[in-house]
Amino acid sequence: MFTLSQLESFVAVAETLHYGRAAERLSMTQPPLSRRIQLLERELDVELFDRVGRSVRLTAAGRAFLSDARRIVGLSEQAALSVRRVPAGEIGTVALGFTASSAHSVLEAIVGRIHTRLPSVDLVLRERVSATQMEELRSGELDLGLVRPPVPGTGLEHRPLHREALLAAIPAGHPLAAPDRVPHVRDFDGEPFVMYSPAEARYFYEVLVGVFRGAGIAPWYVHHLSQVHAILALVRAGLGLALVPRAAETLGLDGVVLRPVTGVEGEPVELVAAWRANDDSPALHAVRDLVIDLAGRGFS
């Protein structure tokens, strides 16, 4: 069977129609180049060149073989380039999990940066609640997760990514929605309140319970839901007030007024990146490092 070096030599001679120039292009001398062409012709059992004096011309068989030879040489070069990009994390597949609320805050910036900086990485996006993400990280179904803390220390590593404040979600026309009102968390005491589900949105449920306990108040929970957009829909319907992460501003829902709320310390909503501690995938490492770097620069 012919070799790749024989094909490269054939292509060089076919494109230059001159053994001397082809040998110079391949950084070799002419005798071994001629020997390669002879061996290739013997392997194929055809003549690829007509040699008339000092001139060289492709035979009909040579012209037919040239396109295939170029394609094979090109594929070998591409394969070498691709395999060199694997250790650098420039090529591969990464399954990225995210929560519904993170889709409104950081996901767009993360996906955009990955597509710009790592265009050959195949990014698979999967929306999951945090608990499911951590299960799928351990099983290998996910490579990187955007999750709410805490992250149990059994085989997973994590880094903080983002914090954001809570906003009061108020039905338009409610007294707290008046332009001159600045809602305080105590305004929710005894009021109808659309709360997060303790089962399906446990992180947000516990954050809000901690806020209310710290303020010494007890809202009247009229519904328990897991998704921000569903909570805002019930607020718009006038069924109650709510507290939602600042990222909910991107939803732009008519009939709902979003206002900063006093009496809530800092930015209590946290998001972290989590991954398997023993995962040696270069593509995962490249994506993870890019996401952490982006978090350090800010997602806005």
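The values are calculated or read from the model by the stated rules, or taken from the named source; none is laboratory data. Note that the coordinates shown come from a computational prediction; the quantities given were computed from them, not determined experimentally. FYI the Cβ positions are ideal-geometry reconstructions off the backbone, even for glycines, and counts take in every protein chain you see. These area figures cover heavy atoms from the full protein model, side chains too; ligands, DNA and RNA do not enter into them. Shrake-Rupley method; radii C 1.70, N 1.55, O 1.52, S 1.80 Å.
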PRE zone check, label point 7 Å out along Cα-to-Cβ of Ile72, amide N under 16 Å, scope the stretch 22-56, hits 36-49
Carbon and sulfur atoms account, in whole percent of the 1.4 Å probe accessible area of the chain, for 51 percent
Interchain or sequence-distant (5+) residues whose placed amide H lies within less than 5 Å of the amide H of Tyr196 are Leu225
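Give me the accessible area per residue for the stretch 1-69, probe 1.4 Å, as a whole number in Å².
Result: 59 Å² per residue.
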Counting only DSSP loop positions in the stretch 1-63, the trypsin sites (Lys or Arg not before Pro) whose Cβ has at most 14 other Cβ atoms within 10 Å are Arg54
Of all DSSP beta bridges having both residues in the chain, the percent classed as antiparallel (nearest 5) is 60 percent
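May I ask you to give the solvent-accessible area per residue for the stretch 205-300, in square angstrom, as obtained with a 1.4 angstrom probe?
Per residue, the stretch 205-300 has 48 Å² of solvent-accessible surface.
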A student applying the Cα gyration tensor rule (rounded when a/c is under 1.5; otherwise prolate if a/b is larger than b/c, oblate if not) would label the stretch 190-270 rounded
Two pseudo-spin positions, 7 Å from Cα along C-beta at Thr29 and at Arg186, lie apart in nanometres by 9.7 nm
The simple spin-label model distance between Arg202 and Val52, using points 7 Å out along Cα→Cβ, in nm, is 8.5 nm
Counting only protein heavy atoms and rolling a 1.4 Å probe, one gets per residue an accessible area for the stretch 132-176 in Å² of 43 Å²
Volume per residue (Å³) of the convex hull spanned by the alpha carbons of the chain is 192 Å³
